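Colleague: One structure coming up, written as structure tokens, with questions to follow.
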Amino acid sequence: MSVIERPLLAVENLSKAFGARPAVRDVSFSLWPGEVLGIVGESGSGKSTLLNCLAGRMQVDAGRIVYDTAAGAPIDLVTAAESARRHLMRTEWGFVQQNPRDGLRMDFSAGANIGERLMAIGDRNYAQLRSTAESWLSAVEMPLRRIDDLPRTFSGGMQQRLQIARNLVTRPRLVLMDEPTGGLDVSVQARLLDLIRRLVQQFQVSAIVVTHDLGVARLLAHRLMVMKDGMVVEEGLTDQVLDDPQHEYTQLLVSSVLSA
Amino acid sequence: MTNSLPMIDVRDISKTFRLHLRGGAELPVLRAASLQVAAGECVTLHGASGSGKSTLLRSLYGTYRPQQGHVRLRHRGEMVDLVTALPRQILDVRRYTLGYVTQFLRVVPRVSTLDIVAEPLMTQGNDEAEARRRAGELLERLGIAGKLWDLPPATFSGGEQQRVNIARVFAAEYPILLLDEPTASLDEANAQTVIELIKDARSRGTAIVAIVHEPVTRAAITTRLVPVAELGEAA
């Protein structure tokens with residue numbers, strides 16, 4: 001099979017410590033266009049720190065994060081100028097936080113939350129912004145009459161869907177998600193999972209999803225990395241890792257789930 | 001009709017499970033097992049529970065990674081070894097070449113029956129209308145009433161879910177099919193439909209490996225019965 005495409009993201013030997021305590025240790029992986037990569041592990045395994053390092057929210061101690069931009073020019077985000085990095089985050093990347101209050105502007109209306117990222121890249125036509133916001137509200141199954149309401153008047157599930165709309169409106173090529181269904185009721189989770197799955201397919205975005213929930217990983221991810229103590233202890237296709245776990249820690253994780 | 005084009009070439013695979021939670025106990029299941037399957041053949045695996053039938057089937061799908069040997073499948077005109085292929089190459093093989101009817105449908109919340117069946121066709125690049133049309137044909141042939149097509153199959157009976165599962169895999173017309181007890185929870189009429197689907201697939205040149213206990217289906221579809229214990233050295 002001839003595969004000549006390049007990875008969208010190539011992470012090489014990434015390390016990050018908090019003082020003397022290593023949080024991410026020598027992690028390397030590639031993410032391919034259209035791929036959804038799940039990162040699983042327990043709290044404290046380093047998976048969220050890794051995600052924050054990728055997003056530039058934390059400074060890394062060592063390693064490279066090479067991103068293949070839409071313009072076709074790979075750029076190392078660790079050494080890139082802050083302005084170039086910020087521009088990419090606004091235009092080509094999205095970040096869905098576990099807590100929607102961290103990812104939304106709570107004092108902006110739903111419509112303004114969606115429109116803000118468009119305005120940040122130079123969109124100024126109010127009517128156009130509003131109609132785009134409307135179409136994204138319906139894409140994430142929110143009633144249009146709520147467009148002028150503040151996020152705090154929404155349920156947790158609705159806030160999370162609004163955060164997803166806010167991220168996808170600029171049609172990013174890569175979306176990072178940190179426990180996107182954490183803290184939601186099971187029935188709300190199912191709806192959100194189905195929505196994420198559909199939008200990722202429809203818009204062909206690549207995604208990195210951090211989750212401690214193996215059921216979520218099974219539904220969303222093509223491929224999994226298992227982290228423990230800051231290191232990747234196992235990786236493979238989702239069914240390989242969950243149905244034939246090799247590492248002792250992965251076997252423990254899989255056997256601890258009631259049904260995945 | 002015999003078509004001798006080799007589609008599956010398993011060479012000397014060994015698979016041992018190491019159970020870390022049981023003090024590192026080792027469970028050898030396959031040892032140097034080999035199996036070749038040509039286009040148009042339906043090989044039925046034979047053997048007692050624990051003899052390695054499911055392990056072999058899952059190794060053929062790339063879910064189980066053998067410690068040794070090769071699992072080569074004909075994909076886009078060349079033999080691709082699942083043991084050494086990159087994850088995204090295995091996904092490509094599964095998208096276009098390899099279908100797997102498991103015993104249970106893994107239900108995705110909220111997705112309708114028709115969309116579940118149409119999904120593999122759409123990922124192969126068919127347009128939505130065509131994918132849904134073919135999905136509907138298969139569901140109809142398998143006796144899933146049209147009024148159920150818009151519902152997610154979570155609440156369906158076991159037999160209905162199994163037929164949705166079969167429709168999903170057969171609609172995509174993969175050149176290689178793996179079948180794990182495809183008629184186990186079906187009544188006689190539906191089992192007969194599945195037997196016809198399998199025969200149709202064989203006449204298109206599909207290579208099939210199946211696990212079937214039920215004697216009527218087994219007799220109707222099998223072109224070669226293979227005792228798993230005799231595929232390699234005794235494990």
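The values are calculated or read from the model by the stated rules, or taken from the named source; none is laboratory data. These numbers come from a predicted model, not from an experiment. Every residue, glycine among them, receives a Cβ derived from its backbone with ideal geometry; neighbour counts consider all protein chains shown. These accessible areas exclude ligands, DNA and RNA; they are computed on the full protein's heavy atoms, side chains included. Shrake-Rupley method; radii C 1.70, N 1.55, O 1.52, S 1.80 Å.
Colleague: Being open to solvent by 20 Å² or more (accessible area, probe 1.4 Å) and at the interface with chain A (Cβ under 8 Å from one of its Cβ atoms) is the filter here, so list the residues in the stretch B:68-79 that pass it.
Modeller: B:R76, B:E78
Colleague: Here is a list of conditions, (1) modelled with pLDDT of 90 or more; (2) more than 13 Å from the chain's Cα centre (by Cα), and A:L168 meets all of them except one; can you say which number that is?
Modeller: Against the list (1) modelled with pLDDT of 90 or more; (2) more than 13 Å from the chain's Cα centre (by Cα), A:L168 comes up short only on (2).
Colleague: Given the structure, is B:L186 more than 14 Å from the chain's Cα centre (by Cα), crowded, with 22+ Cβ neighbours inside 10 Å and not small (G, A, S)?
Modeller: yes
Colleague: Shifting gears a bit: Can you pull out every residue in the stretch B:15-56 that is within 14 Å of chain A (Cβ to nearest Cβ) and among the polar types (S, T, N, Q)?
Modeller: Matches in the stretch B:15-56: B:T16, B:S54, B:T55.
Colleague: I've got another one for you. Select from the stretch A:91-123 the residues that are aliphatic (A, V, I, L, M) and open to solvent by 10 Å² or more (accessible area, probe 1.4 Å) and list them in ascending order.
Modeller: A:L104, A:M106, A:A112, A:L118, A:M119, A:A120, A:I121
Colleague: Do we find a residue being buried (at least 18 other Cβ atoms within 10 Å of the Cβ), in contact with a Gly (Cβ under 7 Å, 6 or more places away or on another chain) and modelled with pLDDT of 95 or more anywhere in the stretch B:164-171?
Modeller: Checking the stretch B:164-171: at least one residue is buried (at least 18 other Cβ atoms within 10 Å of the Cβ), in contact with a Gly (Cβ under 7 Å, 6 or more places away or on another chain) and modelled with pLDDT of 95 or more.
Colleague: Related question: Could you give me the residue pairs with C-beta distances under 7 Å whose first residue belongs to the stretch A:132-158 and is free of Cβ contacts under 8 Å to residues at least 60 places away in the same chain, whose second residue is among the acidic types (D, E) and outside any loop (DSSP other than H, G, I, E, B) wherever it lies, and which are 6+ apart or on separate chains?
Modeller: Final answer for the pair search is A:L144/A:E134; A:I147/A:E134.
Colleague: Listed residues A:G156, A:G183; which is open to solvent by less than 50 Å² (accessible area, probe 1.4 Å), closer than 13 Å to A:Q98 by Cβ and at pLDDT below 95?
Modeller: The conditions single out A:G156.
Colleague: Does A:I208 fit the bill of being more than 14 Å from every other protein chain (Cβ to nearest Cβ), assigned to a helix (DSSP H, G or I), among the hydrophobic types (A, V, I, L, M, F, W, C) and closer than 30 Å to A:H87 by Cα?
Modeller: Here the answer is no, as A:I208 does not meet what is asked.
Here's the yes/no breakdown for (1) facing chain B (nearest Cβ under 7 Å); (2) more than 27 Å from B:P28 (Cα to Cα):
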{"residue": "A:V216", "(1), (2)": "no, yes"}
{"residue": "A:L224", "(1), (2)": "no, no"}
{"residue": "A:L237", "(1), (2)": "yes, no"}
{"residue": "A:V241", "(1), (2)": "no, no"}
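Colleague: To continue, here is another question. Which of the residues belonging to the stretch A:169-204 are of a type in the set (K, R) and touching a residue at least 60 places away in the same chain (Cβ under 8 Å)?
Modeller: A:R173 - this is the single residue of the stretch A:169-204 that is of a type in the set (K, R) and touching a residue at least 60 places away in the same chain (Cβ under 8 Å).
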